[in-house]
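Asker: Can you keep this structure in mind? I'll have questions shortly.
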Amino acid sequence: MPSSSDMPSSETTPTTGPLAGITVVALEQAISAPMCTRTLGDFGARVIKVENPKGGDFARHYDDVVKGLGAHFVWVNRGKESVALDLKTPAGMAVLHRLLKRADVLVSNLTPGTTAKLGISPADLTTRHPDLIAVEIDGYGPGGPLSHKRAYDLLVQAESGACAVTGHPGAPAKPGPPMADVCSGLYAALSVVSLLCGRERGVGPAASSVAVSLFDTMTELMGYPLTYTRHSGIEQQPLGMSSPAVAPYGSHRTGDGHTVILGTTNDREWQRLARELIDRPDLADDARFASNAGRVEHRDVLEPEISKWCARHDLAEIQDRADVAGIGNSRYNTPSDVIAHPHLQARDRWREIDTPSGPVPALLPPPVIAGYDPPMGAIPALGQHTDAVLAELGLTGEEIAVLRAQGAVR
């Protein structure tokens, strides 16, 4: 895909992939925007991460468990180049605009109103950099009573109702992974790819800006419970490791102390579970359980019967029998179990990436593209690529030294 960028490639820039030649500038913190830009980088884009010289992305310092580095930061920042600019200085902003002039995409998730204060809101960029795709990820989107608020993953998950359908009745919980952050980042990346594709084909909207809010993302992910409640008037209660929509579908302790998850999605699977897996034709013939609606209504009767059977059998036997019967099943795993998961090892899903503190393992991105190996680049130190990128922009060593003396760069 041709790019408007004329920045030469650095030694860290991917040279292959469907987005090779695309340059992304990132003004990002925490998870949502970094996930967007890391995803674009996984497909071959060059990502230049502009950070505050005084500490950089604050996710660098959430903890220090990865050889002194933050686990969140290592997760979503591989393969990026770090340029440390103080955007509160005129000289720092001037350098940013030189970067944007040569870039294809700007992704930001700064606090509400910050891009406008800096003069780089989508409206500003349309005038000064009309070919730039500007992506803003925020908490609640403009035009509403919450638009001014800071928004973090937990806050948005609670506001959107996600916590109300997670956990147990009377004990709501936040879904473990940062769903609002991650999914907003992925929606933003998809939007960028769609606009680039539209430009290549000469179709699509003329607009070059994208706005994604964490709240809109989470209300989209809440589509099923919102639709159900709107049309039934029923507030579905959280069911722990189960589903309000189908039954049987949940977890059961096994005879050897593990937890197995068994799931059915239709009447045929239920009949096989009852007759072939747990040897209970009486349950299969029970009119209360003939339909999914009936099984959901009477899950308090049905699920304990399945649990009794599972408690008399070991995990391996249950899973073997479930596979033979064509019943969906899995094992409840901890993160430690997943790190050593044989399925990841058999499919060679782990790679080693460099960090300022030495190599660490990292999972490949989910898409498997025939003939393409994701770059899996290094985690950058704060400001590691400042001089190299500024030199690409045409600044001399003396000019860079002056900027450093002014505190505009690190």
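Asker: Using +1 at the C-beta of Lys and Arg and -1 at the C-beta of Asp and Glu, which of Leu382, Tyr372, Ile339 has the Cα lying farthest in the positive direction of the dipole of the range 335-410?
Answerer: Positive-most Cα among the choices belongs to Ile339.
Asker: Tally up the carbon and sulfur contribution to the accessible surface of the chain as a whole percent, 1.4 Å probe, everything protein left in place.
Answerer: Of all accessible area on the chain, carbon and sulfur atoms account for 56 percent.
Asker: Continuing with the same structure: Suppose all protein chains stay in the model; what accessible area per residue would a 1.4 Å probe give for the range 103-161, in Å²?
Answerer: 48 Å²
Asker: How big is the dipole moment of the chain about its Cα centre under a simple scheme where the beta carbon of each Lys and Arg is +1, that of each Asp and Glu is -1, and everything else is neutral? Debye, nearest 20, please.
Answerer: Dipole about the Cα centre, nearest 20: 640 debye.
Asker: Shifting gears a bit: For the range 214-345, what class follows from the C-alpha gyration tensor (a ≥ b ≥ c being the square roots of its eigenvalues): rounded when a/c is under 1.5, otherwise prolate if a/b is larger than b/c, else oblate?
Answerer: In terms of gyration-tensor shape, oblate.
Asker: Can I ask one more? What ³J(HN,Hα) values, in whole Hz, does the Karplus curve 6.51 cos²θ - 1.76 cosθ + 1.60 give for the range 369-374 when θ = phi - 60°, with x put for Gly and Pro?
Answerer: For the range 369-374, the Karplus curve yields 9, 4, x, 10, 9, x Hz.
Asker: Let me make sure I get this right: for the range 290-410, a, b and c are the square roots of the gyration tensor eigenvalues over alpha carbons, sorted descending. Under 1.5 in a/c it's rounded, otherwise prolate if a/b > b/c, else oblate. Which is it?
Answerer: Prolate, since a/c reaches 1.5 and a/b exceeds b/c.
Asker: I need two numbers for the chain: Rg to one decimal and Dmax as a whole number, Cα atoms only, in Å.
Answerer: Values for the chain (Cα only, Rg and Dmax): 25.4, 85 Å.
Asker: Just add up the charged neighbours of Ala401: K/R +1, D/E -1, any other residue whose Cβ is under 13 Å from the Cβ of Ala401.
Answerer: For residues surrounding Ala401, the net value is -1.
Asker: What does the helix-only formula give at 222 nm for the chain: each DSSP H stretch with n ≥ 4 adding -39500 (n - 2.57), the total divided by the residues, and the result rounded to the nearest 500 deg cm²/dmol?
Answerer: One gets -10500 deg cm²/dmol as the mean residue ellipticity at 222 nm.
Asker: Rank-order 257-267, 75-85 by packing density, defined as the average count of other C-beta atoms within 10 Å over each peptide's residues, highest first.
Answerer: 75-85, 257-267
Asker: For the range 22-27, in order, what is each residue's ³J(HN,Hα) by Karplus, 6.51 cos²θ - 1.76 cosθ + 1.60 with θ = phi - 60°, in whole Hz (x at glycine and Pro)?
Answerer: Whole-Hz 3J(HN,Hα) from phi for the range 22-27: 8, 10, 10, 9, 10, 10.
Asker: Also, I was wondering about something else. Quick one: net charge around Ile318, please, counting Lys, Arg +1 and Asp, Glu -1 for every other residue with C-beta under 13 Å from its C-beta.
Answerer: Summing Lys and Arg as +1 and Asp and Glu as -1 gives -2.
Asker: Can I ask one more? Sequence-distant or interchain residues sharing an amide H contact under 5 Å with Ile133, placed H: which?
Answerer: Val105, Leu106
Asker: Give, as a single signed number, the net charge of other residues whose beta carbon lies under 10 Å from the beta carbon of Thr386, with Lys and Arg counted +1 and Asp and Glu -1.
Answerer: -1
Asker: Could you give the length gained on full extension between Arg275 and Ala211, defined as 0.36 nm per residue of separation minus the Cα-Cα distance, in nm?
Answerer: Going from the current span to full extension adds 17.9 nm.
Asker: Still on this structure: Where Rh is the Kirkwood radius over the Cα pairs of the range 21-143, the temperature 20 °C and the viscosity 1.002 mPa s, what D in µm²/s does Stokes-Einstein return?
Answerer: 145 µm²/s
Asker: Between His258 and residues 5 or more places away or on another chain, which pairs have amide H atoms under 5 Å apart, with H built 1.01 Å from N, and which residues are they?
Answerer: Hits under the 5 Å cutoff: Leu315.
Asker: Further question: Between the range 21-39 and the range 325-403, what is the C-alpha centre distance in whole Å?
Answerer: Cα centroid of the range 21-39 versus Cα centroid of the range 325-403: 13 Å apart.
Asker: Let me ask something additional. Restricting the count to DSSP beta bridges whose residues both fall in the chain, what percent are antiparallel, rounded to a multiple of 5?
Answerer: Approximately 45 percent, going by the DSSP bridge assignments.
Asker: In straight Cα distance, which lysines are under 24 Å from Lys49, not counting same-chain residues fewer than 8 positions off?
Answerer: Once the sequence-local lysines are set aside, what remains near Lys49 is Lys67, Lys80, Lys88, Lys101, Lys117.
Asker: What is the ratio of the Cα radius of gyration of the range 138-296 to 2.2 N^0.38 Å, where N is its residue count, to two decimals?
Answerer: Rg over 2.2 N^0.38 Å, computed on Cα atoms: 1.39.
Asker: How many Å² of accessible area per residue for the range 218-345, probe 1.4 Å?
Answerer: The answer is 55 Å² per residue.
Asker: Then there's this: How tilted is helix 223-232 with respect to the longest principal axis of the chain? Cα atoms for both, answer in degrees (0 to 90, nearest 10).
Answerer: 50 degrees
Asker: Can you give me the long-range amide H partners of Gly167? Hydrogens built in the peptide plane at 1.01 Å from N, cutoff under 5 Å, separation of 5 or more residues or another chain.
Answerer: When sequence neighbours closer than 5 places are left aside, the close amide H contacts are Ala173, Leu239, Gly240.
Asker: Could you give each residue of the range 177-187 its phi-based ³J(HN,Hα) in whole Hz, using Karplus coefficients 6.51, -1.76, 1.60 with θ = phi - 60°, and x for Gly or Pro?
Answerer: The phi angles translate into x, x, 4, 5, 5, 5, 5, 5, x, 5, 4 Hz.
Asker: Sticking with this one: Starting from the Cα-Cα distance between Lys54 and Leu190, subtract it from 0.36 nm times their residue separation and give me the gain in nm to one decimal.
Answerer: 45.8 nm
Asker: Along the Cα-to-Cβ line of Glu317, 7 Å from the Cα, sits a label point; which residues in the range 254-277 have backbone N less than 19 Å from it?
Answerer: Answer for this model: 254-262, 273-277.
The values are calculated or read from the model by the stated rules, or taken from the named source; none is laboratory data. Bear in mind that the values here come from a model prediction, so they are computed numbers and not experimental data. In this analysis, Cβ positions are derived from the backbone assuming ideal geometry, glycine residues included, and neighbour counts consider all displayed protein chains. Surface accessibility is based on the protein's heavy atoms, side chains included, excluding ligands, DNA and RNA. Shrake-Rupley method; radii C 1.70, N 1.55, O 1.52, S 1.80 Å.
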